[in-house]
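Peer 1: Shown below is the structure under consideration.
The values are calculated or read from the model by the stated rules, or taken from the named source; none is laboratory data. A quick note: this is a predicted structure, and the numbers were derived from the prediction, not measured. Using ideal geometry, Cβ is built from the backbone for each residue, glycine included, and neighbour counts are taken over all protein chains shown. Please note that ligands, DNA and RNA were not included when accessible areas were found on the heavy atoms of the full protein model with its side chains. Shrake-Rupley method; radii C 1.70, N 1.55, O 1.52, S 1.80 Å.
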Amino acid sequence: MVAVSVDLKDALARCAGGDKAALRMIYDSECASMIGVAVRIVKRRELAEEVVQEAFVKIWRNAHRYDPGLGPAKAWIYAIVRNQAINTLRSGRREDLVDEVPEDAGAAVEAYAAAERLPEGQALRRCLEGLEARRRTSLLMAYVDGFSHGEIAGRLGLPLGTVKAWIRRSLLALRECMG
């Protein structure tokens, strides 16, 4: 695999403008190194991957705050990863990895509308309706809204392990239901 040189400053500016392809460019360019930094701090690969996922959410949401006059884009990106890893260690509770928890978790979920737009007789809709409501909500928050497991846990007030198990089991149930 050939390393592609990415202008991170430009990519962050494009992210600030809502360009998802620019975030993908940052991901492709920096993800492996970011995981390496996170592993050195949290000492566990799976937790480091979660830290990096949370870092990318923060990069996407805060790209407009990057000021090139204060330093290189790469330093800004890696500071987010480092801070996220340290916060994860300090918290001791991985389900608290979200910045804010809305009072009404259902209002924060746009997935319901997407599921409702599926045609009545479609197999996916039938299979989704066959899932227990809270498990369906977790699955839709992850795959339609794009929330991380940590964000879902925080928003629903559930342990991270529970959310991960629900999503995994729901995916297996959907696979079985759809044939």
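Peer 1: Sort the stretch 22-74 into rounded, prolate or oblate with this rule: let a ≥ b ≥ c be the square roots of the eigenvalues of the Cα gyration tensor; rounded if a/c is under 1.5, and if a/c is not under 1.5, prolate when a/b is larger than b/c, oblate otherwise.
Peer 2: Since a/c reaches 1.5 and a/b is larger than b/c, the shape of the stretch 22-74 is classed as prolate.
Peer 1: Just reorder CYS177, CYS15 by solvent-accessible area, largest first, 1.4 Å probe, all chains present.
Peer 2: CYS177, CYS15
Peer 1: Something else about it: Normalise the Cα radius of gyration of the stretch 133-174 by 2.2 N^0.38 Å (N = residues in it) and let me know the number.
Peer 2: In units of the globular-protein estimate, the stretch 133-174 measures up at 0.97.
Peer 1: Ordered by packing density, taken as the mean number of other Cβ atoms within 10 Å over each peptide's residues, highest first, how do 154-162, 133-141 rank?
Peer 2: Result, highest mean first: 133-141, 154-162.
Peer 1: Here's another thing I want to ask about it. When only the heavy atoms of the protein chains count and the probe is 1.4 Å, how do LYS58, LYS9, LYS164, LYS20 rank by accessible area, highest first?
Peer 2: Of LYS58, LYS9, LYS164, LYS20, the descending order of accessible area is LYS20, LYS9, LYS164, LYS58.
Peer 1: In square nanometres, what is the average projected area of the Cα convex hull of the stretch 1-44?
Peer 2: Averaging across all directions leaves 3.9 nm² for the Cα convex hull.
Peer 1: Under the 0.36 nm per residue contour assumption, what length would be gained going from the current alpha-carbon distance of ARG134 and ARG61 to full extension?
Peer 2: 23.6 nm
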